[in-house]
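Data first, discussion second: the structure below is written as structure tokens.
The values are calculated or read from the model by the stated rules, or taken from the named source; none is laboratory data. Small disclaimer: the values here were computed from a predicted structure and weren't measured. For neighbour counting, all protein chains shown are included, and Cβ atoms are generated from backbone atoms with ideal geometry for every residue, glycine included. For the accessible areas, the whole protein counts, side chains as well, though only heavy atoms, and no ligand, DNA or RNA atoms are used. Shrake-Rupley method; radii C 1.70, N 1.55, O 1.52, S 1.80 Å.
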Amino acid sequence: MAKIHLGNIRRNAETFRRLTKTGLCAVVKANAYGHGAEEVVNALSGVADSFAVAIVDEGIRIRGVACGKEILVLTPPITAEDVLRGAWNGFSLTVSDLITAKLIDGISRARRLPINVHLKVNTGMNRYGMEPSALGKVCKRLQTNPFVRVAGVYSHLYATSVETSRAQRTAFERAVTICKRYFPLIKAHLSATYGALLGKEFAFDSVRIGLGLYGYLPVDKDSGLVMPDLEKGMTVYATAVTSRKYLYGGAGYGENSFAKSPKDLTVCRYGYADGFLRRRENGLLDAETQANNLCMDACIKIGRLPRGKQFPIMTDAAAVARATDTIPYEVLCAATRRAERIYDNE
């Protein structure tokens, strides 16, 4: 079971609004980083100006609770079906190169179909995004299309480095200047959670907050940046299923590794199929009481727990990430893979 603290998520969003003093786009892709997209969008309806998802299907999932606010699809459309589904649902699509611009331009003209787009430029991440040499061509093509509304231009900071981010900001400003020759009212957004910590010069017209909504920052407290106080958006619990006296054999798969044989064992309902690392050093709370590696659907703990008892196994995804050599993003997306979500609005 995962308890999702919607009140904390909402207060985190309000914290970033006060910090950046600009528009707020709430990133709710990957089922709101495992927290439940519909519920998070509903909780942020009075705080966020817009929402961002990775793919069209994610946008469709939240459309009913987004209250008519803009939904930006971050992954560029690949096929005509992608364009049509996005446009029919009123989403803003990403144009990341001339090929995508031609695809959207052709469909909108042929069907006389209104389509909103944001232009994605490459400032160094080399993921999605067009180079400056293509940006002018894309702008010229879309400017002549009466059915395409170019609403925004954006990029993404690729490193938690102030020096690198400043270089990207300079490149982004050049791209914004080009875009405004064609679309004077275009809105610019560069920063996600890390960029929001860098100050007003990185805020532009909006910031896209993902990880920060859920209570985490991509840098440590000794980074020298302004570090807002955030509240964790998720606590994951497990349930004790059955207890037994230990008489012989192993504890799950493989031979036991007890320094001293325990008197009792308790089988608990969580395993590596629930999004946690199989090995014993997995960063979960009281991992030292695990008798062995996790099974797919169960963990055997040393000691006796009452049947049905629920206890927290993860309160801090960053601690789990440190122990398992990954990042909180991955931990959060995996931790509610099979969990029942219980929502707390306080």
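Looking at segment 54-77, which of its residues are over 15 Å from VAL117 (Cβ atoms) and not charged (D, E, K, R)?
ALA54, ILE55, ILE60, ILE62, GLY64, VAL65, ALA66, CYS67, GLY68
Would you pick out the residues in segment 286-299 that are aliphatic (A, V, I, L, M) and either modelled with pLDDT under 95 or out of contact with any strand residue (DSSP E or B) (no Cβ under 8 Å at 6 or more places or on another chain) (or both)?
If the condition is that a residue be aliphatic (A, V, I, L, M) and either modelled with pLDDT under 95 or out of contact with any strand residue (DSSP E or B) (no Cβ under 8 Å at 6 or more places or on another chain) (or both), then ALA287, ALA291, LEU294, MET296 are the ones that fit.
For segment 299-315, what are the residues that are surrounded by fewer than 18 Cβ atoms within 10 Å (Cβ to Cβ), out of contact with any helix residue (DSSP H, G or I) (no Cβ under 7 Å at 6 or more places or on another chain) and of a type outside the set (Ser, Thr, Tyr)?
ARG304, PRO306, ARG307, GLY308, LYS309, GLN310, PHE311, PRO312
Please find, within segment 34-66, the residue that is surrounded by the fewest Cβ atoms within 10 Å (Cβ to Cβ) out of those that are among the small types (Gly, Ala, Ser), touching a helix residue (DSSP H, G or I) at 6+ places or on another chain (Cβ under 6 Å) and within 23 Å of GLU330 (Cβ to Cβ).
ALA54
Restricting attention to segment 116-161, which residues are among the hydroxyl-bearing types (Ser, Thr, Tyr) and farther than 14 Å from ALA101 by Cβ?
If the condition is that a residue be among the hydroxyl-bearing types (Ser, Thr, Tyr) and farther than 14 Å from ALA101 by Cβ, then THR123, TYR154, SER155, TYR158, THR160, SER161 are the ones that fit.
Which of the residues that make up segment 233-255 are closer than 30 Å to LEU211 by Cβ and open to solvent by less than 30 Å² (accessible area, probe 1.4 Å)?
Correct list: GLY233, MET234, THR235, VAL236, ALA238.
Applying the selection to segment 286-329, what residues are within 27 Å of the chain's Cα centre (by Cα) and of a type in the set (Val, Ile, Thr)?
Across segment 286-329, the qualifying residues are ILE313, THR315, VAL320, THR324, THR326, ILE327.
On the basis of being outside any loop (DSSP other than H, G, I, E, B) and surrounded by fewer than 16 Cβ atoms within 10 Å (Cβ to Cβ), does ASP82 make the cut?
No.
In segment 269-284, how many are assigned to a loop (DSSP other than H, G, I, E, B) and either in contact with a helix residue (DSSP H, G or I) (Cβ under 8 Å, 6 or more places away or on another chain) or open to solvent by 70 Å² or more (accessible area, probe 1.4 Å) (or both)?
Taking segment 269-284 and keeping what is assigned to a loop (DSSP other than H, G, I, E, B), we get 269-271, 275-284.
Checking the rest, the ones that are also either in contact with a helix residue (DSSP H, G or I) (Cβ under 8 Å, 6 or more places away or on another chain) or open to solvent by 70 Å² or more (accessible area, probe 1.4 Å) (or both) come to 269, 275-284.
Of the residues in that region, 11 qualify.
For segment 67-79, enumerate the residues that are surrounded by 23 or more Cβ atoms within 10 Å (Cβ to Cβ) and over 17 Å from HIS156 (Cβ atoms).
ILE71, PRO77, listed by residue number.
For (1) at pLDDT 95 or above; (2) in a strand (DSSP E or B); (3) within 22 Å of VAL148 (Cβ to Cβ), each residue gets a yes or a no:
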{"site": "GLU14", "(1), (2), (3)": "yes, no, no"}
{"site": "ALA30", "(1), (2), (3)": "yes, no, no"}
{"site": "SER45", "(1), (2), (3)": "no, no, no"}
{"site": "ASP57", "(1), (2), (3)": "yes, no, no"}
{"site": "ILE71", "(1), (2), (3)": "yes, yes, yes"}
{"site": "PRO77", "(1), (2), (3)": "yes, no, yes"}
{"site": "ALA87", "(1), (2), (3)": "yes, no, yes"}
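Give the residues of segment 316-338 that are touching a helix residue (DSSP H, G or I) at 6+ places or on another chain (Cβ under 6 Å), of a type in the set (A, V, I, L, M) and either open to solvent by less than 80 Å² (accessible area, probe 1.4 Å) or under 11 Å from GLY275 (Cβ atoms) (or both), sorted by residue number.
ALA317, ALA318, VAL320, ALA321, VAL331, LEU332
When segment 185-198 is examined, which residues are found to be farther than 25 Å from ASN8 by Cβ and either hydroxyl-bearing (Ser, Thr, Tyr) or open to solvent by 30 Å² or more (accessible area, probe 1.4 Å) (or both)?
Of everything in segment 185-198, those that are farther than 25 Å from ASN8 by Cβ and either hydroxyl-bearing (Ser, Thr, Tyr) or open to solvent by 30 Å² or more (accessible area, probe 1.4 Å) (or both) turn out to be LEU185, LYS187.
Please work out if VAL95 is surrounded by fewer than 21 Cβ atoms within 10 Å (Cβ to Cβ) and at pLDDT 95 or above.
So VAL95 fails the test.
Give the number of residues within segment 134-173 that are open to solvent by less than 80 Å² (accessible area, probe 1.4 Å), touching a residue at least 12 places away in the same chain (Cβ under 8 Å), part of a helix (DSSP H, G or I) and not hydrophobic (A, V, I, L, M, F, W, C).
Result for segment 134-173: 5.
If I ask for residues that are of a type in the set (Val, Ile, Thr), farther than 23 Å from LEU285 by Cα and modelled with pLDDT of 95 or more, which ones from segment 202-259 would you list?
Result: VAL207, ILE209.
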